Amino acid sequence: MSMSQVATASVDLYWLPLGAGDNTHCVRTNGRIFEAVTARYERRARCDLYHAALEVGLGDDRFVIEMAPVWSLKQTDRGVVSEGAVGLRWLGRSRLFRYEVRRWRDGVIPDASEAVDSPRRLSTDWVQAAHVLALVPAFPTATWGRNELKAGGAWNSNSLIAWLLARSGHDMPDIGPPAHGRAPGQSAGLVIAQRDADADRPGPGGTGRRSV
C-alpha cells in the first residue's frame, strides 16, 4: 500500500429526497402523506424526508453502499451482501417484498443527481473507510419498516448508514439530513450500533465478543 493510496481514502455521504428516481411519484406522495400525519401527531412542522447512501473510496477502488428493493435495478452484479424482508418477515419469501444491502464496487447511486447538500465528505482516514466496508455484511437485516429490534423506530436504509458510520467511529452528532429535513430510521441505527458496541465491550455488561 503506497502513501498516495492512503491519501485518497474517503467516505462520502449522499442525502437523497424520498422518492427520488420514482417516475410514478408513488413513493414521494406516500412519504408526504406519512410525514403530514406524523407531524400533526407530534405537533411540529412538516419536514422533507431523506434516505442516505455512502460512497467509499480506497485508492483506486470505489464502492457504493446502499439499501434498496431487490427489483430496483437490473444489473446482475450489484455487490449484494445480504437481503431482508419488507413489511412482514413472511412477505420476504417474495422478491417483491425483499430489500438488499449493496457493497457495490464501481457502483452507482441511481438517483444521485437529485441528492441535496451532497456529497458530504465525512472522512479521509484509510482505516476508517476500510472499517465501513468490512462492516457491511454484519449489518442486522431486520424487517424493513418494522421495529423488530426494539430500537424505538422503523428499520430502513437510514438505519444501515447510521449503523455503519457509528460502528466505524464517525462523529454522529454532526451527521444529519439537510436543513428542514428528517431521516426516519437513523435513530434506530444509532441505538443498535450503541447496543452492539456495549456488547463488544469486555467486562461487566459486555460479552467481550470481537468486533468486525
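Rg/Rh for the stretch 3-200 (Cα atoms only, Rh after Kirkwood) is 0.95. The phi torsions of the stretch 118-134, fed into the Karplus equation with coefficients 6.51, -1.76 and 1.60 and a -60° offset, translate into couplings of 9, x, 10, 6, 9, 7, 10, 8, 4, 4, 5, 5, 5, 5, 4, 4, 5 Hz, rounded to whole numbers, with Gly and Pro shown as x. A cut-off of 5 Å between modelled amide H atoms, ignoring neighbours fewer than 5 places along the same chain, links residue 123 with 11.
Put in line by how crowded their Cβ is, counting other Cβ atoms within 10 Å and starting with the fewest, 14, 50 read 14, 50.
Between residue 82 and residue 171, the modelled labels are 2.9 nm apart [label points 7 Å from Cα along Cα→Cβ]. Counting only other residues whose beta carbon sits under 13 Å from that of residue 55, what net charge do I get with K and R as +1, D and E as -1? In short, +2. Each residue of the stretch 67-77 was assigned a 3J(HN,Hα) from its phi angle through the Karplus expression (A = 6.51, B = -1.76, C = 1.60, θ = phi - 60°), giving 10, 7, x, 5, 9, 6, 10, 8, 4, 7, 9 Hz with x at Gly and Pro.
Any read-out appearing in this document is the output of simple, stated calculations on the displayed coordinates, not a laboratory observation. The shown structure was predicted, so the numbers you read here are calculated from the model rather than taken from an experiment. Every residue, glycine among them, receives a Cβ derived from its backbone with ideal geometry; neighbour counts consider all protein chains shown.
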